[in-house]
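Structure record follows, encoded as structure tokens.
The values are calculated or read from the model by the stated rules, or taken from the named source; none is laboratory data. Just so it is clear, the structure is predicted and the values come from calculations on it, not from any experiment. Cβ placement follows ideal geometry from the backbone for every residue including glycine, while neighbour counts extend to all protein chains displayed.
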Amino acid sequence: MSLIKNLFLKNPIIKKERDKQFEQLYKGLSFADNPDPLFMFNSLGDILQVNNAAIGRFGKRGSLLDYIQKKEHEKCAYLLHAFCLKGITCHDYFQFEQIEGKPVKLLVSIYPIKKENEVIGGYALTKSVNTSGLVEVKSLNQNLEEIFNEIDAVVWSFDYQLNKIKYLSSSTEKLLGIPNETLIQRPLLWETYIQHEDVLMLKKSYKNVLAGNAMTHEVRVLFPDSTVKWVQVKVTPTLSEDGSISSIIGYMFDITEKKKLENMIIKKDQKYLALFANHTDPIFTLNLEGVVLEVNPAGERMLNFTENEKIGAHFLSFVAPEHKEKSTEYFQEVLKGKTQNFNMNFTCNLKGKFQLNVTLIPIFVKGEVSGVHSILKDLSDLEESEAKYRGLVENSLAGVFMIQHGKYVFANKKLHDIVMAENKSLLNQPILQHVHEEDRELIENNVNRLITNELNYVHFQTRSKRKDGKIVHLEIYASFLNYRGAPAIIGTAIDVTERSEMEILLEQKEKIVDKQNKWFESIIKNTNDIVTIINEKGEITYTSPAFNQILGFEAKERIGMPIFDYIHPEQLDTVLENFSLLSEERINDLKMECLLEHKDGSWHHFAVRATNYMKDPIINGIIVNCYDITEKKTVAKELERVSNFDQLTNLPNRSYFQQYLKETLMETTEHQTFAIFYIDIDRFKFINDSLGPLIGDELIKNISIRLNERTDSDSFLGHLRSDEFIILQKNIKSAELSSIAENILQAFENPFIIEDYEFYVTASIGISVYPESGKTVEELLKNADIAMSHAKKLEANKYVTYSSELDVESFKKFMITSDLRKAIERDELHLHFQPLIDCSSNKVVAAEALVRWNHPVWGELPPTEFIPTAEQNGLISFLGNWVLRNACKQLKAWQKANLQPISISVNVSPIQFSQYNFVHNVFQTLEDFNLDPKFLVLEITENIFADGSDTVVNKLKELRKKGITIALDDFGTGYSSLNYLQRFKADYLKIDKTFLQGIEKNQNEELLASIIELAKNINLSVVVEGIETEEQYKKIQSMKCDIGQGFLFSPAVSSEQFQRILECGLSSQLPTRSDPKKKRRFYRITFDFPLAGSFTIDSVRGKKVHVGNTPILVKDVSAGGLNFLSDIKLPPKTDLLIKVSAKMGDYSLEQIARVVWSSEQEDQLYEYGIEFIASEQEQEVLLKRMNIIQAQLRKRNGSIMKQLITEDPKDYFHYL
């Protein structure tokens, strides 16, 4: 019956729009010449136009169904819905009612009418049936076959007299899995494919078909792969003129998806499930066809249902024959939105025939009837049944009311709660009393339209003003009812807010099924926890009843309150930070523990897990699950104290630390890192043994206190054993390792006072970093211990970071990083000065101050080896200020000595220049040394201009206004741009030495000349760096260069040497040292190409050092030493011993040696001469071996030749 409703319910808005489209599209279409009756209808089945032949025989009627006999209405509606409105032409026989009342059998062909691929209606062409019952319709069978093949349906015709199948559509195999030929030969085979219980039901109903009645059922089809399809079966007998059955026509449609949706609707109606299941009255839920979707237990007991009988059964199957027609009429009315109440006779196996009172209530979704609730009451016990019905209504989640003569004659408790009526009951109160003044006219109009039958039902929204002043928005569904002989109105009032979630669930249907499952599963899985949903502000939008049970607060009262109000103040910042990360989707979910406040003021421990569902349209928030672990925490705390903490310091012990490290490894993501600082107290055993364990214990306690003061929230401090502590530092960058290690060592700067003793204690720290130093607990601890052992071999208060090789270069870098901060304190820094020469007069006009570090182990280090470290450790500004002050101090000393007046040039790093007080420091330095600003040149690099900020421009203007000269250094190696030269005013342009390469061969000559000319054109003086030959100097002189600088004139020299240059000229430089190569005692073997080898540090100042090997290239060798190339700068010092290794054929050389001399080559390569430290006996062995190697080289011995490196040394070290 829902098909009739769907096609012919006259929604005025839809009807008006569809009719408009149809008339515009087919205006002028004439039917007058067609001799056969022709009907044109819209998509709702309403007649739009009929031709004269139709009017003459049948007259004018409202809809297509009005022309056809009532018993064939359902078949006609079915064809329209299943075929025509899907764009498919269809044909069938129908009995038409003629004007004189006599029926006539016609063949009807129904054709769809489309506009823009949308079916907006159709027309029906009728043909008379001839005396033999046949009609001349060309290719009718072919057309029918094409139609049936286009849809997922099986259509068959069974000759009842001959007991065989006359017709079977080819879609049978697709729907049932049975080939057509097989089923035609074995008609009863279908029984094996239908579920057994459904087969019994069909056979039982087949008796009604044989009695001349149509049959409709929903059955399950089983497939060999165990899948199940739901199929709707419709069977209609065809009667001959004598009333006997001539044939049976059947249709089968796949309704699997429809059943899934119906089941889904049932399952999602969770809010009503308990009431539905436990109510004592029988309640049926029907779909729009009248098929039973669900029956509550009371219904099953009353009608003695079995599970199989209720699935897919039509409600008419339980109605006594004499009431079937009347029941159908009532059902038609409820589909129009009108609640129906009537009495009828039912039949069942248990009770036979009995009388019931039936109430049919339409189910509305978005204003449309989507189903029917049927409530049955056994009239044998009417009073009890009425009480049960009232209980159902009283407990409804919607307000239910009945009004008559403008007053309430019934109102349930829910309606009373919604409007907050002042009186205990709404009975006999005027309905307008609780209606908003502005909506009273709306209410009166809708009531009048129902009472006068203008409308069958109304659906609208209104407002109720409660006694507390709050405006409640209500959605009203109401319909007409005859109550006790007078017109009345019955309806429901729903608070829109309370209903919104259910309305959204129903509206979204399949689209949100998966998301709904997440919601329900989350709630179900955490029923023993506090389950809360918060919005982006942290306000509670939902909380489970456990909130009251566990924390004592009423759950409903918490709605809208911030969840963070219950967090312990000490944890609030951390919780807010974590929830911020979660709400911003920087993390997917959150797990943590925190303290929540109970209503009585106590604090409870909770394990909290939160997941972000802000983008879920249903949840639209963060789900927070809280599990009370207070008792567990209390027990665990005591166990933890005993088993995981050191009794002396109360710090985590080794076991606890290892477990924490293991957990940290599991929690750390791919891009996160952490470091372990392994701290060993130097000479603690001596203190403990000398002064006793009591003093030793007190010292360890004091050390633990100081270390704990130097940790933060990302630190974890543990005490491994008597003199060893360990710190795990999370969220650390490699550049921070040194500063953290030095911060730890600062804990030992001040003495420890214990009783009458004053201790100056030092420590050694080994550092391992995840993942570079290891990825397991064992690897990280072992490697931190190894690094700590390296640190202990250095001076006191040292730290070493573990490296997989800890080779010479790494070892050197570690020492430089560790010692740089103390270099200034120990006065290890000093300045060298390189002269700048006027190209026209060849006189010294300036000196560039260059810092050097006289390292106690590595000798004199150039700035390239420690300036990057100073920048990383934040020391560059301090170091830059030191250079500026000492350069100005030296210049002032030369001026006081009445030496030739020159300028002093100082390099400024971008970091130093960016200091807010840089300009002030420069001015203050000049003032401190009473130095004229015109003698100061500040060399800045192009990197300063990278951000192009106005701050840089303003600082340069201020400096130049003071009289200070600005030189742009290393031009051409950075962000070179004409724009920079024009915008950032400078006085000098220093051209990098790379532009001089190949100038003797006329390479880069034009480019260099162009740059010099460009500088001149914008009033910049030019300095060319890196001049090493006379030819280069002559070239730049010819280009009108102003100033030259380079080794041709002088390398950077000490202040004493530079003063001699100022006094006596450039020729006064110290004489060159004698060539150490001429002092060799032994004959040398020189290789055609360098030989691959390696070296490592053996000892420093007599202390053994354990580091890895570093590659070298051996140029020549003798019994007394060898000559090699390396990319590492080594000092020629007697207290640094190295161990060299090289494979020469089948001989492996391995010898301790010292560096005797060194020479810097191009491209940062260094050449060294080393002297073997060997006894006379060892030297005799080496002499014999050298003779053998010499002989093998003369013979071009293959094994030695293979060990020679033929590629360029620069490339060799670069690609290692």
Please state which one of Val295, Val319 is within 24 Å of Val209 (Cα to Cα) and either at pLDDT 85 or above or surrounded by 16 or more Cβ atoms within 10 Å (Cβ to Cβ) (or both). Val319
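If you take just the strands (runs of 3 or more DSSP E) that sit entirely in segment 192-263, which of them hold at least 2 residues that are under 23 Å from Glu72 (Cβ atoms), more than 60 Å from the chain's Cα centre (by Cα) and in contact (Cβ under 8 Å) with a residue 40 or more places away in the chain?
On the way: elements: 215-222, 228-239, 245-254.
Here the list reads 245-254.
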Pairs, first in the same structural domain as Tyr477 (by TED's automatic domain parsing) in segment 443-454, second surrounded by fewer than 19 Cβ atoms within 10 Å (Cβ to Cβ) and in a loop (DSSP other than H, G, I, E, B), C-beta under 6 Å, six or more apart: Arg449/Leu455
Look at segment 550-579 and say how many of its residues are in a helix (DSSP H, G or I) and either closer than 14 Å to Val624 by Cβ or not assigned by TED's automatic domain parsing to the domain that holds Ile623 (or both). 11
Name the single residue that is surrounded by the fewest Cβ atoms within 10 Å (Cβ to Cβ) among those in segment 322-353 being at pLDDT 85 or above and in a loop (DSSP other than H, G, I, E, B). Lys336
Name the residues in segment 676-700 that are closer than 12 Å to Glu724 by Cα and of a type outside the set (Ser, Thr, Tyr), would you? Phe677, Ile679, Asp680, Ile681, Asp682, Arg683, Phe684, Lys685, Ile700
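For segment 734-752, which residues satisfy the criterion of being under 32 Å from the mean Cα position of the chain (by Cα) and free of Cβ contacts under 8 Å to residues at least 12 places away in the same chain?
Kept after step one, since they are under 32 Å from the mean Cα position of the chain (by Cα), are these residues of segment 734-752: 734-737.
Glu736, the sole residue that qualifies.
How about segment 625-646: which of its residues are part of a strand (DSSP E or B) and within 19 Å of Ala546 (Cα to Cα)? Working first, answer last.
Residues of segment 625-646 that are part of a strand (DSSP E or B), as a first pass: 625-628, 645.
Across segment 625-646, the qualifying residues are Asn625, Cys626, Tyr627, Asp628.
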What's the number of the condition Asn588 fails, among (1) exposed (fewer than 14 other Cβ atoms within 10 Å of the Cβ); (2) modelled with pLDDT under 90; (3) farther than 17 Å from Asp616 by Cα; (4) under 27 Å from the mean Cα position of the chain (by Cα)? (3)
All-but-one check, Gly948 against (1) small (Gly, Ala, Ser); (2) at pLDDT below 95; (3) in a helix (DSSP H, G or I), failing number (3)
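Would you call Asn357 at pLDDT 70 or above, over 53 Å from the mean Cα position of the chain (by Cα) and not assigned by TED's automatic domain parsing to the domain that holds Thr452?
Details: at pLDDT 70 or above: yes; over 53 Å from the mean Cα position of the chain (by Cα): yes; not assigned by TED's automatic domain parsing to the domain that holds Thr452: yes.
When the stated conditions are applied, Asn357 passes them.
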Scanning segment 920-961 for residues that are out of contact with any strand residue (DSSP E or B) (no Cβ under 8 Å at 6 or more places or on another chain) and hydroxyl-bearing (Ser, Thr, Tyr), which turns out surrounded by the most Cβ atoms within 10 Å (Cβ to Cβ)? Thr925
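Do we have Pro1111 as within 56 Å of the chain's Cα centre (by Cα) and at pLDDT below 85 here? Outline the logic, then answer.
Details: within 56 Å of the chain's Cα centre (by Cα): yes; at pLDDT below 85: no.
When the stated conditions are applied, Pro1111 does not pass them.
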Within segment 1115-1137, count every residue that is in a strand (DSSP E or B), closer than 20 Å to Arg1185 by Cβ and not polar (S, T, N, Q). 6
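Yes/no per residue for (1) closer than 30 Å to Ser1099 by Cα; (2) in contact (Cβ under 8 Å) with a residue 24 or more places away in the chain; (3) crowded, with 22+ Cβ neighbours inside 10 Å:
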{"residue": "Pro835", "(1), (2), (3)": "no, yes, yes"}
{"residue": "Asp838", "(1), (2), (3)": "no, yes, no"}
{"residue": "Ser841", "(1), (2), (3)": "no, no, no"}
{"residue": "Glu848", "(1), (2), (3)": "no, yes, yes"}
{"residue": "Pro856", "(1), (2), (3)": "yes, yes, no"}
{"residue": "Ile867", "(1), (2), (3)": "yes, yes, no"}
{"residue": "Phe878", "(1), (2), (3)": "no, yes, no"}
{"residue": "Ser903", "(1), (2), (3)": "no, yes, no"}
In segment 714-743, anything among the β-branched types (Val, Ile, Thr) and outside any helix (DSSP H, G or I) is listed as Ile726, Ile727, Ile732
Those residues of segment 763-795 that are more than 20 Å from Ser1099 (Cβ to Cβ) and charged (D, E, K, R) come to a total of 6
Hey, Leu831 in a strand (DSSP E or B) and in contact (Cβ under 8 Å) with a residue 24 or more places away in the chain or not: yes
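From the residues in segment 597-618 that are more than 18 Å from the chain's Cα centre (by Cα) and among the hydrophobic types (A, V, I, L, M, F, W, C), which one is modelled with the lowest pLDDT? Break it down stepwise before answering.
Going through segment 597-618, the residues more than 18 Å from the chain's Cα centre (by Cα) turn out to be 597-608, 618.
Keeping just the survivors that are among the hydrophobic types (A, V, I, L, M, F, W, C) gives 603, 606-608, 618.
Values: Trp603: 91, Phe606: 91, Ala607: 89, Val608: 91, Ile618: 79.
The residue in question is Ile618.
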Is there any pair linking a residue in segment 465-489 that is at negative phi to one that is buried (at least 18 other Cβ atoms within 10 Å of the Cβ) and among the basic types (Lys, Arg), with Cβ under 9 Å and at least six apart or on different chains, and which? Ile471/Lys465; Val472/Lys465; Ser479/Lys338; Phe480/Lys338; Leu481/Lys338
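Just wondering, is there one or more residues in segment 611-622 that are in contact with a Ser or Thr (Cβ under 6 Å, 6 or more places away or on another chain), surrounded by 19 or more Cβ atoms within 10 Å (Cβ to Cβ) and under 30 Å from Thr668 (Cβ atoms)?
yes
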Any chance Asn917 is over 30 Å from Tyr1166 (Cα atoms), surrounded by fewer than 20 Cβ atoms within 10 Å (Cβ to Cβ) and not aliphatic (A, V, I, L, M): yes
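Where in segment 436-548 are the helices (runs of 4 or more DSSP H), entirely inside, with at least 2 residues that are under 45 Å from the mean Cα position of the chain (by Cα) and at pLDDT below 80?
Numbers: elements: 440-451, 496-508, 513-525.
Once the helices (runs of 4 or more DSSP H) in segment 436-548 are filtered for at least 2 residues that are under 45 Å from the mean Cα position of the chain (by Cα) and at pLDDT below 80, what remains is 496-508, 513-525.
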Check off (1) in contact with a His (Cβ under 8 Å, 6 or more places away or on another chain); (2) loosely packed, with under 12 Cβ neighbours inside 10 Å for Glu638 and give me the number that stays unchecked. (1)
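Output yes when any residue across segment 869-879 is modelled with pLDDT of 95 or more and not β-branched (Val, Ile, Thr), and no when none is. Full working, then the answer.
Pass one, segment 869-879, residues modelled with pLDDT of 95 or more: none.
The answer is no, given that none of the residues of segment 869-879 is modelled with pLDDT of 95 or more and not β-branched (Val, Ile, Thr).
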Just for segment 1123-1150: of the residues that are among the basic types (Lys, Arg) and over 18 Å from Tyr1212 (Cβ atoms), which one is farthest from the chain's Cα centre (by Cα)? Lys1133
Suppose we keep only residues that are part of a loop (DSSP other than H, G, I, E, B) and in contact with a Leu (Cβ under 9 Å, 6 or more places away or on another chain) within segment 1151-1175. Which one would you say is nearest to Pro1209 (Cα to Cα)? Leu1165
